[in-house]
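Enquirer: Below is one structure. I have some questions about it.
The values are calculated or read from the model by the stated rules, or taken from the named source; none is laboratory data. Note that this is a predicted model, so its numbers are computed, not measured. Cβ sites come from the backbone with ideal geometry, for glycine too, and all protein chains shown count toward neighbours.
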Amino acid sequence: MKCSRKWLTEFVDLPVSEVGDRAFAEAMSVSGSKVESTEDLSLTMKNVKVGKVLSIERHPDSDHMWVCQIDIGEGNPVQICTGAQNVREGDLVPTALDGSLLPGGIEIKAKPLRGIPSDGMLCSFKELGMTQHDFPYAIEDGILILQGDYAPGDDMAVKLGLDDHVVDFEITPNRPDCLCMIGLARETAVTFGKKLELHEPVVAAKAGGSIADVAKIVIEDADLCPRYTARMVKNVKIAPSPEWMKERIRNAGMRPINNIVDITNYVMMEYGQPMHAFDFSCVGDGEIHVRRAKAGEVIRTLDGTERNLTTDMLCICDTEKPVAVAGVMGGENSEIVGDTAMVLFESACFNGPSIRRTATALGMRTDASSRFEKGLDMQNTLKAVERACELIELLGAGEVVPGVIDVVPEPFEETTLKLEPEKINELLGTEIDADAMKKILGDLGFTFEGDVVHVPSWRADVVHYSDLAEEVARFYGYNEIPTRFTGAISTCGGYTPLQQCERQVGEILRSVGLDEIITYSFISPSYYDKIRMPSDSPLRDSLKILNPLGEDTSIMRTTVLPSMLEILTRNYNFRNKAAALYEIGRIYLKREDGLSDEPKIVSIGMYGSDVDFFRLKGIVETLVSGITGKQMRFEAEKKNASYHPGRCARVYVQGKVVGVFGQIHPEVASEYGVDTELYCAELSFDTLFALHRELPVYTPLPKFPSVSRDIAVVCASDIPVGDLSACIMENGGPFLRECTVFDVYTGHHIAEGLKSVAFSLSMRADDRTMTDDDAESTVKSVLFALKERYNAVIR
Amino acid sequence: MKEMMEKLREASIKAILESEDVDSLEALRVKYLGKKGELTGILRQMGRLSAEERPLMGQLANRLRADIEATIDARKQVLSTALMEKKLEAEAVDVTLPAAETHLGHKHPMYNVLDQIKDIFIGMGFEILDGSEVELSDYNFTKLNIEDSHPSREWTDTFYFTEDSRVCLRTQTSPMQVHAMETKPLPIRMIAPGRVYRKDEVDATHSPMFHQIEGMVIDKGVTMSDLKATLNLVVEKIYGEGTVTRFRPHHFPFTEPSAELDIRCHKCGGKGCPTCKGEGWIEVLGCGMIHPKVLAGCGIDPDVYSGWAFGMGLERLAMGEYKISDLRLIFENDERFLEQF
């Protein structure tokens, strides 16, 4: 919301000379009207004077240029060369002098043109940042020949109203009353302790007859239109608005058009009430019907676009057809044109959400609709239409017909609240006395009967005592409220065991060199094909976003794999030599009640020259043992289609599957366009947490030395070494503490289909030094078991 | 005989001092002092001496043996020191060569910032809550006093899973306020960080998924004064001691009064610069006193209990802290980016 400081002084005596932009912005922001920016318009145009053309001669060295002597009201005339062909002796022209500044930051300097000195430039309206509407009498591609109240030496910036400062406010959606000069003036007045000067419009209405004789208004859908107020003007004379009005309209960020349109915009900016002007001769049978559109109805709006209306859209119609989309835009069929003679001013109140939906559906958010959608003060319609008619008379733009049509199917209901100062102070932590509260509220337009507060009609946002507390606090000053801790802290903060476990997972993964990533929770359904997920997998049944931004972000992921693969691929495409990444991310599993279970998955992804299955396995082992402190078991996983069937494993702890890891299937990798081995792991964080290490209990350190024996056995090559190790540990008896594999060999001296596996056994007794016999008997029972179970024989 | 010993002394010491390694030194020891060595050879001739000369020569011989031994030991010391020096010299490395790789992983920069904030609040007695992202509109909107016609509920703004708009992706972490109020015993001090979703196209400052931190306190006698004191402290912890704050009225449907907390621009000190868009202040978070209607709606008597809440965006905070210019970098996960934090 742009606000002209000059215009504001009409309501509050607070010129820029008294409170500068910065102080104004600060004070208004902290009282609740956030200032986005301020602009001193005078800085946009400097040293441009009104000049009078004293003489004009052909440039001696050019067949199209002219040399003018210009009187700029002081000193000697200046000499300016121009290429424009519309300048005549005696004309008043905007003259940009040496060192002047034009809108858009263009600087003008004196310099010779084809050998003839030129002290500046004569300007067109475009060069002054204006439009044809600002100077309807001027030609577009020539010098602006000024008409009216201009004299040599006048500062053009002042004449164009640029001796103004514009403040841009960010108004929160609960305060549509501040989307106008009066609303902002009220806030300004209370903020600076000044008096608010409001003007009561007076309409003479000297035309004959009465509006009731010519017009009829019927509200058919009162749920969407609680009030419709109208007045009539006849013998309309469409003309440009006076300079002062154009200036205000421009400085508020709009464009002047003509007197009637400008008046509707002016009143909207002054009172916050959007208005519409109909060419009444185009309203069939002189009747206005406010109703929802009928199926199939079409209207061509003022922007020249054909609009298909739907039955939930409110329209202003005559007896047959829509003449406007209510609160959004008028129809071309009733537009104000040059020969419009009879104008009906509409000042109505519409249902906000309905207007918003209509504007959104039609794709045209207008100044009017953006106000209506926030819900406007229905008590404002009459004042606004009166003001419009007053301006008609002031501008001599027509004759106002006596009488007002004011249809109010839903009378205004005033909100009353109880003023409870102690409750307000309790909420704020302040000790503001009741009178001070009443003073603030009174200045804002609230009235009192004892401790009953009457909320003004424009403050629909105030419905609760806490709203009153905010009003009091705003002007008492948020920053004046003392800062103190109320009472002792009676809660004990901290991480839960689950959160601690999650942090620990991150710490372990970083300590082995993985970097943390954050990926989107939504993916494309096509990613399931990309990772070769079986077509009958229940994981394909994802929560589907009905209104996604696009296909790629349209379903909630049930697996973290595609997210990780996407990031690995991206890094690969960035030509990063290696990547080692992790994410503790959620998957989203559809639930019966329409919501989702959102378990966390520890997702790991790697590629690079030193990455292979066993590097990944080492990381998985470090993580699982770090978190659980328990033994784990690995089993080959051949059926997971996303992974290499020969390089994929499931990891178990205490019989529970913790997750799966391995090399990504080369076909999946090539789907992603990656020409290197990718390695991923997907581990259930919940399972890890369920198995997480309890408080460890100290085990005494060994008092006696351990003994080690190496054995090598030959067995069928398809027997997993892990099974052999497990068999050894199970059958090693009381002394066997550890069994490590140190060699697996096939080739020379080993028959086809067999392999040799070498283990180192570490043995120890707790109560004595082990004897050779103890060791031999352990080895013997191990070898016996290996032979029995796997037909593995000592080499 | 005396002359022979003197000769031996001269020759042996010379030979010892000239020896170049430990092995030849040992050979010299055998040559001069061994059982068949030269000194023994001389001493064998003792028998020929008179009884008076014998002890004298014995003394001389012992002295000579001791001197040769001492010389050998000293020489040995010199040689072994030199040997060690030579060895160390040969073992010297070029310390400027690259190290054997040990890679320490990096936390995502945004979670660095989040952890910092969690620690601040834990220190003040807060717990951390975690909740679902697929949420009922009832919790995301209705129970937060956001009316049915509110623009944020539109399908152009919020992602929905059901035609009747019953289930959505949460657009804010604020539903965690409601969940906490409905399930936790009072008093409550909590923060709830997490992912939130809005229908924004990806650009340098927008993402359809981003992160917020919600915070809430409910207790008897909690006031706006308490809100200010706590958040001022938090902001000082995040932005450094002496950070100047201001509270500015704002609007949120679920708090009343509502405020935004600004900090004075650290770059220009409040004069106005591109960082603060000329305003001199930078918006940090939204906050306010929990609307009594929201409390009552969650079964908490607003006449007995009161509370305050805040919400802040994590991305912007992290971007500010690490001078990250483009939001897309946060979710791109380029190793070259991640390694910097």
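Enquirer: State yes or no: is A:A359 of a type outside the set (F, W, Y), in a strand (DSSP E or B), crowded, with 20+ Cβ neighbours inside 10 Å and in contact with a helix residue (DSSP H, G or I) (Cβ under 7 Å, 6 or more places away or on another chain)?
Expert: No: the conditions fail for A:A359.
Enquirer: Surrounded by 18 or more Cβ atoms within 10 Å (Cβ to Cβ), part of a helix (DSSP H, G or I) and either within 7 Å of chain B (Cβ to nearest Cβ) or among the hydrophobic types (A, V, I, L, M, F, W, C) (or both) - does that describe any residue in region A:476-491?
Expert: Taking every residue of region A:476-491 in turn, at least one turns out to be surrounded by 18 or more Cβ atoms within 10 Å (Cβ to Cβ), part of a helix (DSSP H, G or I) and either within 7 Å of chain B (Cβ to nearest Cβ) or among the hydrophobic types (A, V, I, L, M, F, W, C) (or both).
Enquirer: Within the set of pairs 6+ apart or on separate chains, which have a first residue in region B:314-334 that is closer than 22 Å to A:M564 by Cβ, a second that is among the basic types (K, R), and C-beta atoms under 8 Å apart?
Expert: Pairs that qualify, where the first residue is closer than 22 Å to A:M564 by Cβ and the partner is among the basic types (K, R), are B:E332/A:R570; B:N333/A:R570; B:D334/A:R570.
Enquirer: What about B:E20, is it acidic (D, E) and either part of a helix (DSSP H, G or I) or more than 19 Å from B:L79 (Cα to Cα) (or both)? Spell out the reasoning first.
Expert: Details: acidic (D, E): yes; either part of a helix (DSSP H, G or I) or more than 19 Å from B:L79 (Cα to Cα) (or both): no.
Judged against the criteria, B:E20 is not a match.
Enquirer: Taking region B:35-55, which residues are assigned to a helix (DSSP H, G or I) and either under 26 Å from B:A15 (Cβ atoms) or of a type in the set (D, E, K, R) (or both)?
Expert: Across region B:35-55, the qualifying residues are B:E38, B:L39, B:T40, B:G41, B:I42, B:L43, B:R44, B:Q45, B:M46, B:R48, B:E53, B:R54.
Enquirer: With the requirement that a residue be of a type in the set (A, V, I, L, M, F, W, C) and touching a residue at least 60 places away in the same chain (Cβ under 8 Å), what does region B:117-141 give you?
Expert: B:I117, B:I120, B:F121, B:M124, B:F126, B:I128, B:L129
Enquirer: Could you check A:Y582 against (1) surrounded by fewer than 21 Cβ atoms within 10 Å (Cβ to Cβ); (2) in the same structural domain as A:S642 (by TED's automatic domain parsing) and say which number it fails?
Expert: It fails just one condition, (1).
Enquirer: Go through region A:513-528 and count every residue that is buried (at least 22 other Cβ atoms within 10 Å of the Cβ), more than 7 Å from chain B (Cβ to nearest Cβ) and either part of a loop (DSSP other than H, G, I, E, B) or of a type in the set (V, I, T) (or both).
Expert: Number of matching residues: 1.
Enquirer: Going by what's in this entry, would A:Y582 be described as more than 26 Å from the chain's Cα centre (by Cα), more than 22 Å from B:E315 (Cβ to Cβ) and of a type in the set (F, W, Y)?
Expert: no
Enquirer: Here's another thing I want to ask about it. Collect the residues in region A:780-790 that are surrounded by fewer than 18 Cβ atoms within 10 Å (Cβ to Cβ) and closer than 18 Å to A:V721 by Cβ, keeping them in residue-number order.
Expert: A:L783, A:A785, A:K787, A:E788, A:R789, A:Y790
Enquirer: State which residue pairs qualify: first residue within 11 Å of chain A (Cβ to nearest Cβ) and free of Cβ contacts under 8 Å to residues at least 60 places away in the same chain and inside region B:284-304, second residue surrounded by fewer than 23 Cβ atoms within 10 Å (Cβ to Cβ) and aliphatic (A, V, I, L, M) in any location, beta carbons under 6 Å apart, and separation of 6 or more residues or different chains.
Expert: The qualifying pairs are B:P302/B:L295; B:P302/B:A296.
Enquirer: Hey, any hits in region B:322-334 for a residue that's among the acidic types (D, E), under 27 Å from A:G32 (Cβ atoms) and within 9 Å of another protein chain (Cβ to nearest Cβ)?
Expert: no
Enquirer: Exposed (fewer than 15 other Cβ atoms within 10 Å of the Cβ) and over 36 Å from the mean Cα position of the chain (by Cα): which single residue out of A:D91, A:D61 fits that description? I'd like the intermediate steps shown before the answer.
Expert: Values: A:D91 fails: exposed (fewer than 15 other Cβ atoms within 10 Å of the Cβ).
Answer to the check: A:D61.
Enquirer: Turning to a different aspect of this structure: Cβ-Cβ below 8 Å, separation at least six or inter-chain, first residue in region A:726-751 and at positive phi, second surrounded by 12 or more Cβ atoms within 10 Å (Cβ to Cβ): which pairs?
Expert: Once the first residue is at positive phi and sits in region A:726-751, its partners that are surrounded by 12 or more Cβ atoms within 10 Å (Cβ to Cβ) give A:G733/A:S777; A:G733/A:T778; A:G733/A:S781.
Enquirer: Hey, another quick one. Residues in region B:156-193 that are closer than 16 Å to B:M312 by Cβ and surrounded by fewer than 22 Cβ atoms within 10 Å (Cβ to Cβ): how many?
Expert: 0
Enquirer: Is it the case that some residue within region A:736-748 is of a type outside the set (D, E), surrounded by 11 or more Cβ atoms within 10 Å (Cβ to Cβ) and assigned to a loop (DSSP other than H, G, I, E, B)? Talk me through it step by step, then tell me what you get.
Expert: Taking region A:736-748 first, the residues of a type outside the set (D, E) are A:736-737, A:739-742, A:744-748.
Imposing the further condition that a residue be surrounded by 11 or more Cβ atoms within 10 Å (Cβ to Cβ) reduces the set to A:736-737, A:739-741, A:744-746.
Then keep just the ones that are assigned to a loop (DSSP other than H, G, I, E, B); that gives A:746.
Taking every residue of region A:736-748 in turn, at least one turns out to be of a type outside the set (D, E), surrounded by 11 or more Cβ atoms within 10 Å (Cβ to Cβ) and assigned to a loop (DSSP other than H, G, I, E, B).
Enquirer: I need the full set of residues from region B:312-321 which are among the aliphatic types (A, V, I, L, M) and within 12 Å of chain A (Cβ to nearest Cβ), in order please.
Expert: Within region B:312-321, B:L314, B:A318 meet the criteria.
Enquirer: On the given criteria, is A:I518 under 25 Å from A:C501 (Cα atoms) and assigned by TED's automatic domain parsing to the domain that holds A:Q631?
Expert: Against the criterion (under 25 Å from A:C501 (Cα atoms) and assigned by TED's automatic domain parsing to the domain that holds A:Q631), A:I518 qualifies.
Enquirer: Search region A:587-608 for residues that are at pLDDT 95 or above and pair each with any residue that is surrounded by fewer than 17 Cβ atoms within 10 Å (Cβ to Cβ) and among the polar types (S, T, N, Q) when their beta-carbon atoms are under 6 Å apart and the residues are at least 6 apart or on different chains.
Expert: Short answer, once both residue conditions are applied: A:Y607/A:T676.
Enquirer: Would you check if there is a residue in region A:416-434 being surrounded by 14 or more Cβ atoms within 10 Å (Cβ to Cβ), away from chain B (no Cβ under 14 Å) and without any contact (Cβ under 8 Å) to a residue 40 or more places away in the chain?
Expert: Going through region A:416-434, the residues surrounded by 14 or more Cβ atoms within 10 Å (Cβ to Cβ) turn out to be A:417, A:419-421, A:423-430, A:432, A:434.
Still in the running and away from chain B (no Cβ under 14 Å): A:419, A:421, A:434.
Those left that are additionally without any contact (Cβ under 8 Å) to a residue 40 or more places away in the chain: A:421, A:434.
Yes.
Enquirer: Mind counting the residues in region A:295-331 that are within 34 Å of the chain's Cα centre (by Cα) and not hydrophobic (A, V, I, L, M, F, W, C)?
Expert: 14
Enquirer: Going by the structure shown, is A:V50 assigned by TED's automatic domain parsing to the domain that holds A:I145 and either surrounded by fewer than 16 Cβ atoms within 10 Å (Cβ to Cβ) or β-branched (V, I, T) (or both)?
Expert: Yes.
Enquirer: Check A:L382, A:L394, A:L427 and return the single one that is touching a helix residue (DSSP H, G or I) at 6+ places or on another chain (Cβ under 7 Å) and either outside any loop (DSSP other than H, G, I, E, B) or modelled with pLDDT of 95 or more (or both).
Expert: A:L427 is the lone residue from the list that is touching a helix residue (DSSP H, G or I) at 6+ places or on another chain (Cβ under 7 Å) and either outside any loop (DSSP other than H, G, I, E, B) or modelled with pLDDT of 95 or more (or both).
Enquirer: How do the strands (runs of 3 or more DSSP E) wholly within region A:148-265 filter down when requiring 1 or more residues that are crowded, with 22+ Cβ neighbours inside 10 Å and touching a strand residue (DSSP E or B) at 6+ places or on another chain (Cβ under 8 Å): which remain?
Expert: Here the list reads A:165-170, A:227-234.
Enquirer: Is it the case that some residue within region A:532-545 is away from chain B (no Cβ under 12 Å), outside any loop (DSSP other than H, G, I, E, B) and surrounded by 19 or more Cβ atoms within 10 Å (Cβ to Cβ)?
Expert: Checked region A:532-545: no residue is away from chain B (no Cβ under 12 Å), outside any loop (DSSP other than H, G, I, E, B) and surrounded by 19 or more Cβ atoms within 10 Å (Cβ to Cβ).
Enquirer: Further question on the same structure: Check every one of the strands (runs of 3 or more DSSP E) wholly within region B:151-248 and list those with 1 or more residues that are more than 10 Å from chain A (Cβ to nearest Cβ), touching a residue at least 24 places away in the same chain (Cβ under 8 Å) and closer than 26 Å to A:G585 by Cα.
Expert: B:188-197, B:209-219
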